[in-house]
Amino acid sequence: MRRGRSAESFAVYLFDRNRDFSHIGIVAIENNIPYVIHVVPDEPGYVRKELPEKFLSSECASHYQVIRSDFNPETLSEVARTALAFYEGKLSFDNKYDLSSDSELYCTELVIKAFENNNISFTGMQPQVIQLVWGVYSIVMPGSFLANSHFTTVRAG
């Protein structure tokens with residue numbers, strides 16, 4: 001998780017009840033190299049695979065927190081593979097923040113769906129209703145993972 005430096009990140013920060021972070025991704029390991037799988041609304045707006053150094057760089061983040069779930073390693077490997085499949089499928093950013101569609105994702109949705117595709121759902125992780133001038137959105141915010149009992153902090157910076 002990170003608090004980004006963009007205008008979009010600031011908006012998420014303002015609306016998220018937990019208010020610590022504006023962005024989230026999943027760490028997947030390929031050939032012993034960790035990558036963060038995530039999606040942001042900028043160009044080109046597709047799911048990305050970045051080295052942690054880039055994802056957490058001072059250019060992209062003011063601070064960060066690494067959280068880990070209590071699920072078994074085999075399950076987590078499958079969750080990471082699902083996130084990689086989102087990357088390989090070049091899924092784009094979901095500007096409608098629509099949890100019911102699987103063809104586009106926003107960052108929190110990517111994480112939720114990677115777990116859901118492996119038969120893990122998080123009860124109590126409800127969307128926040130946000131009213132903006134151009135519409136009303138129901139969005140699960142990144143901070144929801146901080147309030148979920150399955151996740152604990154392993155590193156912060």
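Listed residues E88, E109, E43; which is farther than 20 Å from R155 by Cα, modelled with pLDDT of 95 or more and exposed (fewer than 13 other Cβ atoms within 10 Å of the Cβ)?
Result of the check over E88, E109, E43: E88.
Output the residues belonging to the stretch 105-142 that are part of a strand (DSSP E or B) and either within 24 Å of Y87 (Cβ to Cβ) or of a type in the set (G, A, S) (or both).
Here is the first cut: in the stretch 105-142, the residues part of a strand (DSSP E or B) are 105, 128-132, 135-139.
Hits for the stretch 105-142 are L105, G135, S138, I139.
Taking the stretch 116-150 as the region of interest, how many residues are buried (at least 16 other Cβ atoms within 10 Å of the Cβ), in contact with a strand residue (DSSP E or B) (Cβ under 8 Å, 6 or more places away or on another chain) and over 16 Å from V36 (Cβ atoms)?
Total satisfying the criteria: 6.
Working carefully through the options F71, F86, F93, find the one that is of a type in the set (F, W, Y) and under 17 Å from P142 (Cα atoms). Talk me through it step by step, then tell me what you get.
Working: F71 fails: under 17 Å from P142 (Cα atoms); F86 fails: under 17 Å from P142 (Cα atoms).
Answer to the check: F93.
Report the residue count in the stretch 45-62 for those that are in a loop (DSSP other than H, G, I, E, B) and either without any contact (Cβ under 8 Å) to a residue 40 or more places away in the chain or among the aromatic types (F, W, Y) (or both).
Qualifying residue count, the stretch 45-62: 3.
What single numbered condition from (1) under 16 Å from the mean Cα position of the chain (by Cα); (2) at pLDDT 90 or above; (3) under 21 Å from R3 (Cα atoms) fails to hold for V154?
Among (1) under 16 Å from the mean Cα position of the chain (by Cα); (2) at pLDDT 90 or above; (3) under 21 Å from R3 (Cα atoms), the lone unmet condition for V154 is (1).
Any chance the stretch 143-154 includes a residue that's in a loop (DSSP other than H, G, I, E, B), touching a residue at least 60 places away in the same chain (Cβ under 8 Å) and of a type in the set (A, V, I, L, M, F, W, C)?
yes
Find all pairs meeting these conditions: Cβ atoms under 7 angstrom apart; at least six residues apart or on different chains; first residue within the stretch 78-97 and outside any loop (DSSP other than H, G, I, E, B); second residue among the hydroxyl-bearing types (S, T, Y).
From residues that are outside any loop (DSSP other than H, G, I, E, B), the pairs are S92/Y46; F93/Y106.
The values are calculated or read from the model by the stated rules, or taken from the named source; none is laboratory data. Everything quoted here is computed from the prediction, not taken from an experiment. Glycine gets a Cβ as well: all are built from the backbone with ideal geometry, and neighbour counts include every protein chain shown.
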